[in-house]
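Q: Next up is a structure, given as structure tokens.
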Amino acid sequence: MSRLDLKNGVIEIIHGSGGRASSQLIEELFIPHFDNELLRQGNDATAFDIPAGRMVITTDAHVVSPLFFPGGDIGSLSVHGTINDVAMSGAKPLYLSASIILEEGFPLADLEKIVISMANASRTANVPIITGDTKVVERGKGDGAFISTSGIGIVPEGINISGDLAQPGDLILLSGFIGDHGVAILSSREGLEFSTAIKSDSAALHELVSEMVQTVPDIHCLRDPTRGGLATTLNELARQSKVGIQIYEHTIPVRAEVKGACELLGLDPLYIANEGKLVCICPKKSAENLLNIMQQHPLGKEAAIIGQVTEDKQQLVVMKTTFGGQRVVDWLAGEQLPRIC
Amino acid sequence: MKYVDEFRDGDKARQIAELIQSEVRPDHQYRLMEFCGGHTHAIFRFGLVDLMPENIQFIHGPGCPVCVLPAGRIEAVIKLLENSDNLILCTYADLMRVPAGKRDSLHKAKARGADIRMIYSSTDALNIARNNPGQQVFFFAIGFETTTPPTAAAIKIAHHEKLKNFSVFCNHVETPPAMAHILSSGETQLDGILGPSHVSTIIGSHAYAECCKQYSTPFVIAGFEPLDILQSTLMLVRQINEGRFEVENQYCRAVKTDGNKKAQTLMSEIFEQRPLFEWRGLGELANSAIQIKNRFSDFDAEKRFAMEHIEVADIKGCICPAVLRGVSNPDECKLFGTVCTPEDPKGACMVSSEGACAAYYSYGRYRTEVEVVNS
Amino acid sequence: MCLAIPAKIESLDALASTAIVNLNNIRKEVSTLLLDEVTVGDYVLVHVGYALERIDPVEAARTLAMFDDMQALGDTE
């Protein structure tokens, strides 16, 4: 059997049929890039020792169009997304699993790019992919590539972080500029093309979180404002904790380019997706200290205190605008689509 | 953002508001209609109501293209999509969630398999037609006079390129007849009108002169930024106080008396008056819309596909029509905020973020709920 | 409403009747078919990929000056 043609070859149905072609794909593409001791066991299930304490598990399905965008691709996104979900419990991520669903005809060169990007993201984050699977669907039955990743992690002793723990009086911190990921995706979407230097903020946040929980172990809530943006995450936290939230527009970091793209397309930065930001709710007394720690980390340089938790039976998120008024910041209705009127 | 940020200055806004406060006559109720959804949106988004004296009342007008489109027009497109296998529908995303008949929408039609592409510009529809010569590309054109010239440009280009697979479903409507209808019906008493800003860049401020004179109603062409709206309100208050009624132009940085002649010439080359067209809420209005001229009938989707006229009854209890005429407020509707929400809109005014119901729901609840808590 | 936003013309392609506009460093190609005269540096109102009208800098400045006058008036009261 000749080697995979990574330059001109495409995915064929047989690559997912479990036979020799499947194993060739694994041996020539996945194993060399993902290589680690646990993966080398080569079994259907990978065995590992577990440390004492509380563990967390999360799973995340990744679909994105286009697959390659400024600042990342579906590969790095699938690694960062799951690491971040583990980290939002305050846990240290240990291992990842990945399953990839490919569409017949998908170029092997693109697959290799995605695999290399996943491997780099996992290596940089120091969270290995220790088991995986690939399936192939017929042409027309998939959108190129879908990736589902799961992750496990261990929660340090004394840490208890959950979306229902926000208390009136707590302060709300945001780790940096919002809307970069969503605008980067929009800028490369067919028909909308506009050019901008904005790149996706896709990044693994577990090291930032690790420093945060070490300094302030009594953090109440952590969440990454991905789909639905900051507005949706704040509404989720308000509902889960049965509290209200007051934020201040002038404190929320938004890049000028993101503001510009939003004005052009009739969108609101509060609802645009992020892939490398977190929202943190902590007791007022710890907030300044936490802010300093966040600002010292490269992924939290532009961190800011953006508001506080209030008592509110309606569980509304209310924003004081730079203009001087108050307005409700509602859940995202439908999806954020460019509008003309 | 130049020409945006300067017009969103909160301190200046409060100063203009004070001036309005000092000039309104305490014994008079000022009922001002903001024609455009853009004004409605800005009034809520920036909390301008909070800055206004109590005797100034904003009445929301029909200036939301998505809201005034009869559901039957969408239903007709869905029918067509279901009966053809080589049709690509191009639409502005604004239309996707608007309720057609029987809880259907373009969004749902897409989920059932229709090839629907959301576009940003009419030029995108042309590109899709060029790239898919084997398929019919159907452009669902909506909008007021602002959006009409880009549609005209697309038809002209398609004609020039002899594109065989491109057609336009024309739903473009004109604002002055709608305004005249509201003023003539006398259903709601209005003291003044904040006129369209971007529509007026095309048709010019003089387009409203006749209407203003005939109904003796003060008129100010108002920009969409909060300071524009406040200044326009002050200008209206002064006209009302002085017993004047004329068309004044606050948005003079973009609106000329005669409008954009080149765009007008292009529009009249491609389009002609449509004798009768239905507006949701206002009913059938004479000479209030346009249609594609015979010379360009190859590009007229209504002719190419012999589209059906479909009547769709309004959802029971929905008062969108009354809201669009400025007769009722969204919160007077039994469905408002209960069965009709932005997630599951029953009426068109809840879909578009420019719709009066959506603006009330998204931004207005804070006000009403706080009032409830306080009382 | 009709969503339109002022953006600055950075370059023009007279043959194709298009321009590249810049709004906070977001660059987008728009059609200039609806305008007779546009020059690099002009601000235009962009709507559905078309430049609808030039923003008149003199009129804009006059409107802004009026706000300031109102403010002065408001201050004296």
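The values are calculated or read from the model by the stated rules, or taken from the named source; none is laboratory data. Everything numeric in this text was worked out from a predicted model, so none of it was measured. A quick note on method: Cβ atoms are made from the backbone with ideal geometry, for glycine too, and the neighbour counts reach across all protein chains shown.
Q: Could you tell me whether B:Gly186 is assigned by TED's automatic domain parsing to the domain that holds B:Asn55, over 19 Å from C:Cys2 (Cβ atoms) and surrounded by fewer than 22 Cβ atoms within 10 Å (Cβ to Cβ)?
A: On the way: assigned by TED's automatic domain parsing to the domain that holds B:Asn55: yes; over 19 Å from C:Cys2 (Cβ atoms): yes; surrounded by fewer than 22 Cβ atoms within 10 Å (Cβ to Cβ): yes.
Yes; evaluated as a whole, the condition is true for this residue.
Q: Whether any residue in region B:88-96 is buried (at least 24 other Cβ atoms within 10 Å of the Cβ), assigned to a helix (DSSP H, G or I) and assigned by TED's automatic domain parsing to the domain that holds B:Gly195 is what I want to check. If you could, list the steps in order and put the result at the bottom.
A: Going through region B:88-96, the residues buried (at least 24 other Cβ atoms within 10 Å of the Cβ) turn out to be B:89-90, B:92, B:94-95.
Subsequent filtering for residues that are assigned to a helix (DSSP H, G or I) retains B:94-95.
Narrowing further to those that are assigned by TED's automatic domain parsing to the domain that holds B:Gly195: none.
The answer is no; no qualifying residue exists.
Q: Determine if region A:209-218 includes at least one residue that is under 17 Å from the mean Cα position of the chain (by Cα) and either in the same structural domain as A:Val63 (by TED's automatic domain parsing) or under 20 Å from A:Ser76 (Cα atoms) (or both).
A: yes
Q: Have a look at B:Ser268, B:Ser200 and point out the one that is part of a helix (DSSP H, G or I) and within 12 Å of another protein chain (Cβ to nearest Cβ).
A: B:Ser200
Q: Looking only at region B:7-44, count every residue that is over 19 Å from C:Thr63 (Cβ atoms), surrounded by fewer than 20 Cβ atoms within 10 Å (Cβ to Cβ) and more than 11 Å from chain C (Cβ to nearest Cβ) and tell me the total.
A: Count: 6.
Q: For region A:169-216, give me the residue count where each residue is in a strand (DSSP E or B) and either among the aromatic types (Phe, Trp, Tyr) or away from chain C (no Cβ under 14 Å) (or both).
A: Adding up the residues that qualify gives 4.
Q: Quick check: is even one residue across region B:299-316 in a helix (DSSP H, G or I), at pLDDT below 90 and more than 22 Å from B:Lys108 (Cα to Cα)?
A: The answer is no, given that none of the residues of region B:299-316 is in a helix (DSSP H, G or I), at pLDDT below 90 and more than 22 Å from B:Lys108 (Cα to Cα).
Q: Moving to a separate point now. When region B:93-123 is examined, which residues are found to be touching a Cys at 6+ places or on another chain (Cβ under 8 Å) and in contact (Cβ under 8 Å) with a residue 40 or more places away in the chain?
A: B:Asp94
Q: Please determine, by comparing only the residues of region A:320-340 that are among the hydrophobic types (A, V, I, L, M, F, W, C) and at the interface with chain B (Cβ under 7 Å from one of its Cβ atoms), which one is nearest to B:Tyr92 (Cα to Cα). It would help to see each step written out before you state the result.
A: Keep residues of region A:320-340 that are among the hydrophobic types (A, V, I, L, M, F, W, C), which gives A:323, A:328-329, A:331-333, A:337, A:340.
Narrowing the set further to residues that are at the interface with chain B (Cβ under 7 Å from one of its Cβ atoms) leaves A:323, A:328, A:333, A:337, A:340.
On the way: A:Phe323: 30, A:Val328: 27, A:Ala333: 17, A:Leu337: 9, A:Ile340: 7 Å.
Applying the filter and picking the extreme gives A:Ile340.
Q: Still on this model: Can you tell me which residue among A:Ala61, A:Ala52 is at pLDDT below 95 and of a type in the set (A, V, I, L, M)?
A: A:Ala52
Q: Scanning region A:130-147 for residues that are buried (at least 18 other Cβ atoms within 10 Å of the Cβ) and small (Gly, Ala, Ser), which turns out farthest from the chain's Cα centre (by Cα)?
A: A:Gly142
Q: Does C:Asp13 satisfy the condition of being surrounded by fewer than 18 Cβ atoms within 10 Å (Cβ to Cβ) and at pLDDT 95 or above?
A: Against the criterion (surrounded by fewer than 18 Cβ atoms within 10 Å (Cβ to Cβ) and at pLDDT 95 or above), C:Asp13 qualifies.
Q: Can you tell me which of B:Ile119, B:Ile142 is of a type in the set (Val, Ile, Thr), outside the structural domain of B:Glu354 (by TED's automatic domain parsing) and under 18 Å from B:Leu266 (Cα atoms)?
A: B:Ile142
Q: Here's a follow-up. What number of residues in region A:307-319 are in a loop (DSSP other than H, G, I, E, B) and more than 7 Å from chain B (Cβ to nearest Cβ)?
A: Going residue by residue through region A:307-319, those that are in a loop (DSSP other than H, G, I, E, B) are A:311-316.
Now restrict to residues that are more than 7 Å from chain B (Cβ to nearest Cβ): A:311-313, A:315.
Selection size over region A:307-319: 4.
Q: What are the residues in region B:131-152 that are in a helix (DSSP H, G or I) and either free of Cβ contacts under 8 Å to residues at least 40 places away in the same chain or within 22 Å of B:Phe305 (Cα to Cα) (or both), if any?
A: B:Asn131, B:Thr148, B:Pro150, B:Thr151, B:Ala152
Q: Evaluate the following for B:Ile221: is it in contact with a helix residue (DSSP H, G or I) (Cβ under 7 Å, 6 or more places away or on another chain), within 28 Å of B:Cys170 (Cβ to Cβ) and within 10 Å of chain C (Cβ to nearest Cβ)?
A: no
Q: Follow-up question, since we're still on this one. Testing A:Pro168 on (1) within 22 Å of A:Pro217 (Cβ to Cβ); (2) surrounded by fewer than 18 Cβ atoms within 10 Å (Cβ to Cβ); (3) at pLDDT 95 or above; (4) out of contact with any Asp or Glu (no Cβ under 6 Å at 6 or more places or on another chain), one condition comes back false. Which one is that?
A: (4)
Q: On to the next question. Would you confirm whether any residue within region B:33-44 is touching a His at 6+ places or on another chain (Cβ under 6 Å) and under 18 Å from B:Leu190 (Cβ atoms)?
A: Within region B:33-44, one or more residues are touching a His at 6+ places or on another chain (Cβ under 6 Å) and under 18 Å from B:Leu190 (Cβ atoms).
Q: Taking the conditions exactly as written (part of a loop (DSSP other than H, G, I, E, B), within 12 Å of chain C (Cβ to nearest Cβ) and not small (Gly, Ala, Ser)), does B:Thr188 satisfy them or not?
A: Against the criterion (part of a loop (DSSP other than H, G, I, E, B), within 12 Å of chain C (Cβ to nearest Cβ) and not small (Gly, Ala, Ser)), B:Thr188 does not qualify.
Q: Pull up region C:57-77, narrow it to residues that are at the interface with another protein chain (Cβ under 7 Å from one of its Cβ atoms) and more than 15 Å from B:Asp228 (Cα to Cα), then point me to the one that is modelled with the highest pLDDT.
A: C:Leu73
Q: Can you name every residue in region B:245-265 that is facing another protein chain (nearest Cβ under 7 Å), under 16 Å from C:Met66 (Cα atoms) and either crowded, with 19+ Cβ neighbours inside 10 Å or touching a strand residue (DSSP E or B) at 6+ places or on another chain (Cβ under 6 Å) (or both)?
A: B:Arg253
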